Structures are given as C-alpha cells and as structure tokens.
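Engineer: Take this structure first; my questions come after.
The values are calculated or read from the model by the stated rules, or taken from the named source; none is laboratory data. Because the structure is predicted, anything quoted here is derived from the model rather than measured. We place every Cβ from the backbone using ideal geometry, glycine too, and count neighbours over all the protein chains shown. For accessibility, only protein heavy atoms count, side chains too; no ligands or nucleic acids. Shrake-Rupley method; radii C 1.70, N 1.55, O 1.52, S 1.80 Å.
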2 protein chains.
Amino acid sequence: MKCSQHTNEISATLKDNGLKVTPGRLGLLDIFKHNKKPLAVKEIAKLYKSIGKIDLVTLYRNVESLAEMGIIKKLRISDKEIHYEIPHSHHHHLVCTSCGKIADLENCEVRLPKTKIPGFSKIKEHSLEFFGLCNTCDK
Amino acid sequence: MKCSQHTNEISATLKDNGLKVTPGRLGLLDIFKHNKKPLAVKEIAKLYKSIGKIDLVTLYRNVESLAEMGIIKKLRISDKEIHYEIPHSHHHHLVCTSCGKIADLENCEVRLPKTKIPGFSKIKEHSLEFFGLCNTCDK
DNA sequence: TGACAAATGCAAGTCATTTGCATTAAGATA
DNA sequence: TATCTTAATGCAAATGACTTGCATTTGTCA
C-alpha cells in the first residue's frame with residue numbers, strides 16, 4: 001500500500017532525526033500530503049479539526065521541527081505569516097500582494113548559479129517568488 | 001549636483017504618486033541611499049537618529065508607501081521582520097537561517113521565465129533568496 | 001514493564017506591525 | 001501671502017503571529 005509505505009518512510013525519517021513518531025506529527029504530515037500548497041499554521045489548524053484535536057502551540061513546534069529536518073519547506077511569501085508546504089515537483093510561487101492568494105508556478109526554467117559565496121559555507125535551499133496582482137484584485 | 005538632483009527626482013516621484021514631500025520621507029530615502037542593503041524598520045529607526053527624530057509608526061507608514069510606489073523594495077527574507085532596500089544593480093540575497101545575517105549576491109545568472117500565469121494579470125517583481133548557514137553559525 | 005527524555009497543552013509573554021484619533025503641516029487656491 | 005483642504009505625523013492602545021515556562025503525558029528503548 002502506497003499510503004502506509006509513505007507513513008513508514010516518514011516514521012523512519014522522524015526517527016533518524018531523533019524525533020518521536022506521534023499522532024500529532026503523523027496527522028500534520030497527512031495534511032501536507034493531501035494539500036500540496038503553501039499553508040499557514042492557522043490554515044493547518046483548521047484542516048486538523050477533521051482528523052483530530054491539536055493545540056496551536058504544538059502545531060507551531062511540529063511544523064518548525066519538520067522544517068528543520070527538511071520534510072517540509074518554510075516559505076516566507078507573506079508579510080503576515082509563515083507558510084509551509086511539502087516539497088513536490090520543483091516549483092515556485094506567485095503571490096498576490098493585495099489578497100495574499102498564492103499560485104504554484106510549475107515548469108520554471110530558472111537556472112540557479114553554482115557560485116561560491118564568501119562568508120557562507122552551507123546553502124540549504126532557495127526560494128523564488130513572484131509578486132503581483134491577481135485578476136480579481138487588479139480592477 | 002548629483003545629490004540634489006537625486007532629491008528632486010525623488011520629490012517628483014513622490015508628487016507623481018500623490019504623496020507629499022515631507023522631511024520624514026526625504027530623510028528616509030537618504031538613509032536608503034547611503035545604506036544599500038536590506039534594512040528592517042528598527043534598523044532604519046536607529047540610523048534615523050543621526051539625521052533627526054521620527055516616530056516608529058510614521059516610519060512604518062512611510063516605508064510602506066514608498067514600497068507601494070516602487071521606490072524601495074520589500075523583502076520577505078526574515079522569519080521575524082520585513083526588510084526594505086533601495087533597488088540598486090540587480091541582485092539577490094543569501095540569508096543565514098541561524099543568525100539572520102544577510103549578504104548580497106551580485107552577478108546572479110538566473111534566467112527568469114516569461115511564462116504567462118493564468119489568474120494573474122500583473123507581475124510586479126520577484127525575489128530570489130538563498131538560505132543557509134554562514135561560516136560563523138556553521139560550527 | 002519501567003525509566004527517561006521528548007512531546008504536549010495551557011497560560012502568559014514577546015514583539016513586529018497596525019489602528020484610531022487628535023494635531024500639524026504640505027500644497028493648492030484665492 | 002493668508003487660507004483652506006487633506007494628507008502626514010505622533011501618541012496610546014490594540015492586534016495577531018509566534019514563543020516560552022512549566023507541569024503533565026506519552027513514545028521509545030533497555
């Protein structure tokens with residue numbers, strides 16, 4: 001079964017990083033698995049209600065620890081709140097600066113530089129975001 | 001004189017956008033002109049002390065209105081606060097996820113896509129940021 | 001199974017950013 | 001230049017995302 005296989009994989013990753021496998025974390029990952037778009041913690045909390053109960057604080061802590069181990073990615077695309085998403089196919093985002101709507105931008109042909117930057121030893125990830133107005137707000 | 005010429009230019013831009021030319025705004029732009037790196041509002045306030053007095057709230061409001069008219073660029077590179085910078089030569093940033101240190105990344109060879117995105121009419125700007133650990137934090 | 005550290009929930013705190021409102025000052029007009 | 005209109009400013013207070021402290025619960029592993 002693909003699903004439990006995935007869960008086992010996740011459990012293994014959690015353990016590898018010294019994190020315990022808890023219902024709270026599995027539920028969180030389940031939400032990301034079924035919502036492949038950037039989610040703010042408040043949105044996650046709303047989605048969480050259908051699968052169980054969890055404290056906002058725990059959500060903040062779990063989301064942060066999962067981001068640290070690279071299972072989910074932290075996105076700084078909003079002025080207000082941090083978003084997280086599960087990395088699927090390489091993509092970027094388009095953000096409406098008026099209403100905050102976020103669209104995925106697939107098949108981006110960006111070439112990233114392999115430049116060595118003095119003063120920085122480890123580059124873990126990058127983020128490319130586009131900002132503008134969606135059709136609704138541009139009126 | 002290059003300096004007053006620049007100020008006149010700025011004044012014109014302010015007026016064109018229906019904004020009044022106030023000492024507060026000119027001082028703010030002066031700071032950006034002399035500090036070509038991302039600045040958080042708190043840092044701006046500190047720099048402002050040497051040229052005059054201004055309320056933090058006014059700073060927030062001015063920085064926002066200048067960003068809206070494209071005189072300065074809003075950067076979402078920190079988890080904690082918004083940064084602004086005056087656009088100089090096209091560049092991106094490298095951010096240390098541990099201490100928050102920011103480095104400019106010049107001569108970036110990124111090719112941006114000319115893709116048309118459904119649902120979005122106007123794309124105003126983009127931002128490409130790299131996240132990692134600086135030499136100091138990577139120990 | 002029992003010990004132990006990590007995970008959780010609750011209450012309270014922190015801090016960047018925003019809002020309301022009365023006052024001041026730019027810029028247009030007479 | 002005096003006046004008028006409206007945006008800009010400063011202050012106090014509010015908002016809201018996120019964090020922290022601490023007591024309790026629960027995975028994990030010997």
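Engineer: Looking only at the stretch A:60-93, filter to residues that are assigned to a helix (DSSP H, G or I) and crowded, with 19+ Cβ neighbours inside 10 Å; which one of those is farthest from the chain's Cα centre (by Cα)?
Structural biologist: First, the residues of the stretch A:60-93 that are assigned to a helix (DSSP H, G or I): A:60-68.
Adding the requirement that they be crowded, with 19+ Cβ neighbours inside 10 Å leaves A:62-63, A:66.
Numbers: A:Asn62: 12, A:Val63: 9, A:Leu66: 9 Å.
Restricting to residues being assigned to a helix (DSSP H, G or I) and crowded, with 19+ Cβ neighbours inside 10 Å, the top hit is A:Asn62.
Engineer: Any residue at all in the stretch A:13-25 that's closer than 29 Å to A:Glu129 by Cβ and either under 14 Å from the mean Cα position of the chain (by Cα) or among the basic types (Lys, Arg) (or both)?
Structural biologist: yes
Engineer: Go through (1) within 14 Å of chain A (Cβ to nearest Cβ); (2) within 13 Å of DNA strand D (Cβ to nearest atom) for B:Ala40 and report which single condition fails.
Structural biologist: All conditions are met except number (2).
Engineer: Same structure again: Which condition does A:Lys15 not pass, out of (1) in contact (Cβ under 8 Å) with a residue 40 or more places away in the chain; (2) part of a helix (DSSP H, G or I); (3) open to solvent by 60 Å² or more (accessible area, probe 1.4 Å), if it passes all the others?
Structural biologist: Here A:Lys15 meets the rest and fails (1).
Engineer: Output yes when any residue across the stretch A:115-131 is within 11 Å of chain B (Cβ to nearest Cβ), over 30 Å from B:Cys137 (Cα atoms) and open to solvent by less than 70 Å² (accessible area, probe 1.4 Å), and no when none is.
Structural biologist: For the stretch A:115-131, residues within 11 Å of chain B (Cβ to nearest Cβ), over 30 Å from B:Cys137 (Cα atoms) and open to solvent by less than 70 Å² (accessible area, probe 1.4 Å): present.
Engineer: Next question, about the same structure. For residues in the stretch A:101-135 being assigned to a loop (DSSP other than H, G, I, E, B) and modelled with pLDDT of 85 or more, which is farthest from A:Glu68 (Cα to Cα)? Reasoning before the result, please.
Structural biologist: If we filter the stretch A:101-135 for residues that are assigned to a loop (DSSP other than H, G, I, E, B), which is where we start, we get A:101, A:106-119, A:135.
Right, trim to modelled with pLDDT of 85 or more and you get A:101, A:135.
Values: A:Lys101: 26, A:Asn135: 35 Å.
Taking the candidates together, the pick is A:Asn135.
Engineer: Could you grab me the full set of residues in the stretch B:31-57 that are open to solvent by 50 Å² or more (accessible area, probe 1.4 Å), out of contact with any Leu (no Cβ under 9 Å at 6 or more places or on another chain) and in a helix (DSSP H, G or I)?
Structural biologist: Scanning the stretch B:31-57 gives B:Glu43, B:Lys46, B:Leu56, B:Val57.
Engineer: In addition: With the requirement that a residue be closer than 21 Å to A:Val21 by Cβ, in contact with a Lys or Arg (Cβ under 8 Å, 6 or more places away or on another chain) and more than 11 Å from DNA strand D (Cβ to nearest atom), what does the stretch A:71-91 give you?
Structural biologist: A:Ile86, A:Pro87
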